[in-house]
1. Grab the strands (runs of 3 or more DSSP E) fully contained in segment 116-205, keeping just those with 1 or more residues being within 22 Å of Pro100 (Cα to Cα) and touching a residue at least 60 places away in the same chain (Cβ under 8 Å).
2. Looking for something more than 11 Å from the ligand (Cβ to nearest atom), more than 30 Å from Arg359 (Cα to Cα) and modelled with pLDDT under 95 - is there at least one such residue anywhere in segment 239-257?
3. Looking at segment 118-162, which of its residues are of a type in the set (A, V, I, L, M), in contact with a helix residue (DSSP H, G or I) (Cβ under 8 Å, 6 or more places away or on another chain) and within 17 Å of Glu232 (Cβ to Cβ)?
4. State yes or no: is Cys338 assigned by the TED database to the domain that holds Arg270, away from the ligand (no atom under 16 Å from the Cβ) and under 18 Å from Thr299 (Cα atoms)?
5. Can Leu80 be described as under 21 Å from the mean Cα position of the chain (by Cα), within 15 Å of the ligand (Cβ to nearest atom) and not assigned by the TED database to the domain that holds Tyr262?
6. Could you run through segment 138-185 and say how many residues are under 28 Å from Gly121 (Cα atoms) and of a type in the set (A, V, I, L, M)?
7. Can you name the condition, by its number, that Thr345 falls short on among (1) away from the ligand (no atom under 16 Å from the Cβ); (2) surrounded by fewer than 23 Cβ atoms within 10 Å (Cβ to Cβ); (3) part of a helix (DSSP H, G or I); (4) not hydrophobic (A, V, I, L, M, F, W, C)?
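The values are calculated or read from the model by the stated rules, or taken from the named source; none is laboratory data. The model shown is predicted, which means the values in this text are computed figures rather than measured ones. Don't worry about glycine lacking a Cβ; one is built from the backbone with ideal geometry, like all the others, and counts go over all protein chains shown.
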Amino acid sequence: MKHNPIYYTDQHFAFADSVRKFVQKELMPHINEWEEAETFPKELYQKAAEIGLLGIGFDERYGGIPETDAFHVLLSSIELAKTGSGGLCASLLSHSIGAPPINHFASDEIKETVLTQILAGEKISALAITEPSGGSDVAALKTKALRDGDDYIVSGEKTFITSGIRADYYTVAVRTDVDAKGPNGISMLLIDAHSKGISKSKLDKMGWWASDTAHLHFDQVRVPAHHLLGAENMGFLVIMNNFNMERFFLAASSFGFALTCYEEALEWARERKTFGKRLLDHQVVRHKLVDMATRLTTTLALLEDTAYRLGKPEMQGNELIAQICMLKNVATQTMQFCADAAVQTLGGMGFMRGTKSERIYRDVKVNMIGGGAEEIMKDLASRQLGY
Ligand SMILES: Cc1cc2nc3c(=O)[nH]c(=O)nc-3n(C[C@H](O)[C@H](O)[C@H](O)COP(=O)(O)OP(=O)(O)OC[C@H]3O[C@@H](n4cnc5c(N)ncnc54)[C@H](O)[C@@H]3O)c2cc1C
């Protein structure tokens, strides 16, 4: 799948090259072991920070990499997807959803300590929106933060939180006005994950094994009021804005994993022989690969168009939000199609642990559900398009 050169600079490709080397040297030799162990070493955050992977899109005063854009997200997602480990990517980059509200709304003093540590890979950041009573209907969230002098007292539960056990900082959606209904009365708070009153438990999953996913319980947790991110009771807007880049990232990763499946299947089809000829010499198998390539080509074109629009202030707005929703659905369907086709092409080997396609097949559904399920994407797109 060829990138459209009109969108890229030499700096984009140089960045992709350094991520490729990082993946080859630091990740590929260990990834199967980490997946089986359901974790990876914490030092990896610092190594990722050293090549600029954690700084994409963040303020350079706190360790962000200047002039990075959605194309950096796209290219690095493709390189990271070569590991075939969605769990590793999700946890290693959990700050990409947890830290933007800190970048945009925290005081300079907080940014100097908290954001600098996160972008240096010294501390881990997680985003906590979803609650046990439901993740799709964000406006119905129940976790309360009641003002008490210079603090908020936070009580409630969050679930399915990526990096939930290991995080040092949670960016948490709370209800600061308990009488307000729906999206009104919601705020975002930065919470020190080591605060008194927080308990955490690990969740076991179908896929994303290398990722730490947790259930969090907040029992009367005292949080300084100046940890409010954005205006009080206006947090719903912060959450919705944050979702746009999360969904773009999920779409870019989904494309990367689909491409990894395609490459594994193509290589297998070139080597494997049945009925006296290579799999690739059977027309049905060739068609399957072309079907994968077709979906990959169209998904990449939509990803590049969306990345371009994300970088243009005059193109922001409802239509772009709708496009991101559609992109997430297109990209995750491409991942689902390619994972299925790759496992089928690999035959019994595709069912064996250790092939990338097997792992990616198990990871498909989290991309289709996480960050907004397919149905929610369609609903949001329809509203943005004024239906
Ligand atoms: C591995 C993993 C990691 C995650 N990481 C995080 C994280 O770091 N932070 C975080 O906050 N959340 C995280 N999530 C949560 C994720 O964003 C939610 O699972 C997702 O938003 C769906 O919410 P839910 O699971 O509560 O499903 P529900 O809201 O209960 O919905 C269940 C299903 O019902 C359907 N549905 C729901 N509403 C509608 C509707 N209006 N119309 C039609 N169909 C509908 C959809 O098919 C949906 O999948 C993670 C989830 C997983 C699985």
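1. In segment 116-205, the matching strands (runs of 3 or more DSSP E) lie at 125-128, 144-148, 151-162, 169-175, 186-192.
2. There is at least one residue in segment 239-257 that is more than 11 Å from the ligand (Cβ to nearest atom), more than 30 Å from Arg359 (Cα to Cα) and modelled with pLDDT under 95.
3. Across segment 118-162, the qualifying residue is only Ala139.
4. The answer is yes for Cys338.
5. no
6. Residues that pass the stated criteria total 7.
7. Checking Thr345 against (1) away from the ligand (no atom under 16 Å from the Cβ); (2) surrounded by fewer than 23 Cβ atoms within 10 Å (Cβ to Cβ); (3) part of a helix (DSSP H, G or I); (4) not hydrophobic (A, V, I, L, M, F, W, C), the one that fails is (2).
Yes or no, residue by residue, for (1) away from the ligand (no atom under 16 Å from the Cβ); (2) among the aliphatic types (A, V, I, L, M):
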| position | (1), (2) |
| --- | --- |
| Leu127 | no, yes |
| Ser133 | no, no |
| Leu146 | yes, yes |
| Asp151 | yes, no |
| Glu157 | no, no |
| Thr171 | no, no |
| Arg175 | no, no |
